[in-house]
Amino acid sequence: MSRLRTLLGIGLGLAVVAGAGWYITTHMTATQSTAARGPGRFGQGIATPVGIATAAKGNIPIVIKALGTVTPLATVTVKTQITGQLVEVHFTEGQSVKKGDLLAVVDPRPYEVALQNAQGTLAKDEALLKNAQIDLQRYTTLVKQDSIARQQLDTQAALVRQYEAQLITDHAIVDSAKLNLTYTRIVAPVTGRIGLRLVDQGNYVTMGDATGICVITQMQPISVMFTVPEDSLPTVRKRLRDGATLPVTALDRAQKNQLGQGKLSTIDNQVDTTTGTVKMRAVFDNDDEALFPNQFVNVRLLADTVKDATVVPVAAIQRGQPGTFVYLVKADDTVAIRVVATGATDGEKIAVVKGLEVGDEVVIDGVDRLRDGAKIRRPGSGGGRGAPGTAGPPVAAAPPDGQPAAAPGTAPGTAPAERPRRANGERQGNGGERQGANGERRAGAGGGRPAQTEQ
């Protein structure tokens, strides 16, 4: 019985010691955590460092972004208009040609012979007409003398008119032969750049050939076809009705390089019901030929410009339970929630049509740590605790590359002094107190004074 009591006493003692240890450990950890957190995220007297911008007057361009394709104003497949052998080729692949330049020649000899034949027939019919006209004059005189019948005179007059009609046909045949002879010289119908040659010299070409001889693409000027949402159409049409010229900028696929600056030329006459967009065409001079046919480009159409608007950075605009609002900086370095109404934006700045005045300061950085009435610290203001108008720890500047961060109270660029370590585990501080292994208290000398031992 005595042994049982002893075991129960030992177990009870161990349980009490374990419980006390758990309580002390848990309590100390919670106390240290609370002390480390300080007064809280929105604690009283803690100033939050923020970035600030001032509302100002400015212009906001209304830019419509779209995807476009470079489309030539003219693409011509050059074909022969007669049949024959291609005897000469006067162009090279990729050559720039002007309208009227000679490109190729079809064998002209058969058409020269046809022209001579037509001219001979014309000369023969002209002689017949002249003879018939002379006979008509004779018959007219004889009829007056009542020497021949009236019917013979009428027959001769009809013959003269027949020869006159034949001459008209002969002239048309001669003109047709001359035209065919002109067609033997194939010339450029437009100014542009020639692509790859489709037919080589010596081939027999006909008017029914599907490929043609070559393809000429007009490069200057050139157009870009793009589509915009139908919601943007009223703004664009209104500007065009007012006689405005809308500038259009073409950028490359990466939107880094500008390929050309042009102007809006025309709008399609209907909206695509499938996509809800409308096609537009912009014309570019393309003097440097940076725009190439069928090239993909990014289009920026300047539809309008909002002038003399109250503008702030886009980062200042917040959205939450109050709606669209900003954090307005007050004179006592606190912030207040101000509900605003926004207008047009260019991606970096946004127009505020209601709620702000020119000169008002708004928070653009650090808004996630703010609430209505929170105290702030302006950029570049002084730092530590106890400074007038500020509270909270200072914001340490980032050290230069390759250098360690300076200790608090150490001038920038000055290396902190190394702290010697004691063999017994003691530490010597710069101003605080540390207790050594022997229970002694040693005060840091700070300015090089030796530590004194309290007896």
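The values are calculated or read from the model by the stated rules, or taken from the named source; none is laboratory data. Predicted model only: the values in this text are computed from it and were never measured. No Cβ is skipped: glycine too gets one built from the backbone with ideal geometry, and neighbour counts run over all protein chains shown.
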Point to revise | Residues of segment 268-288 satisfying the condition of being assigned to a strand (DSSP E or B) and surrounded by fewer than 15 Cβ atoms within 10 Å (Cβ to Cβ) | key: Asp272
Review point. With respect to Leu291, is the statement that it is in a loop (DSSP other than H, G, I, E, B) and within 20 Å of the chain's Cα centre (by Cα) true?
Key: yes
Check your understanding: If you check Gly392 against the conditions, is it modelled with pLDDT of 75 or more and at positive phi?
Key -> no
Check your understanding: Can you find a residue in segment 66-82 that is crowded, with 19+ Cβ neighbours inside 10 Å, within 30 Å of Val278 (Cα to Cα) and not hydrophobic (A, V, I, L, M, F, W, C)?
Key -> yes
Exercise for review: From Thr169, Thr184, Thr140, grab the single residue that is in contact (Cβ under 8 Å) with a residue 12 or more places away in the chain, β-branched (Val, Ile, Thr) and within 30 Å of Thr83 (Cα to Cα).
Suggested key: Thr184
Point to revise | Search result, residues across segment 309-337 that are under 14 Å from Leu356 (Cβ atoms) and either at pLDDT below 90 or charged (D, E, K, R) (or both) | key: Lys330
Check your understanding: Going through segment 279-310 one residue at a time, which ones are over 30 Å from Lys57 (Cα atoms) and among the aliphatic types (A, V, I, L, M)?
Key -> Met280, Ala282, Val283, Ala290, Leu291, Val297
Point to revise | Leading residue by the ranking (farthest from the chain's Cα centre (by Cα)) among those in segment 103-112 that are touching a residue at least 40 places away in the same chain (Cβ under 8 Å) and farther than 19 Å from Thr217 by Cβ | key: Glu112
Check your understanding: Looking at segment 21-56, which of its residues are at pLDDT 90 or above and not in a strand (DSSP E or B)?
Key -> Val50, Ala55
Review point. Just a yes or no: is a residue in segment 319-332 free of Cβ contacts under 8 Å to residues at least 12 places away in the same chain and in contact with an Asp or Glu (Cβ under 9 Å, 6 or more places away or on another chain)?
Key: yes
Practice item. Give Ala118, Ala132, Ala127 a once-over and let me know the one that is within 30 Å of Thr155 (Cα to Cα), without any contact (Cβ under 8 Å) to a residue 12 or more places away in the chain and of a type outside the set (Phe, Trp, Tyr). Key: Ala127
Review point. Only one of Glu230, Glu164 is of a type outside the set (A, V, I, L, M) and within 30 Å of Ala303 (Cβ to Cβ); which?
Key: Glu230
Exercise for review: For residues that are closer than 15 Å to Thr48 by Cβ and touching a helix residue (DSSP H, G or I) at 6+ places or on another chain (Cβ under 9 Å), tally how many sit in segment 319-334.
Suggested key: 1
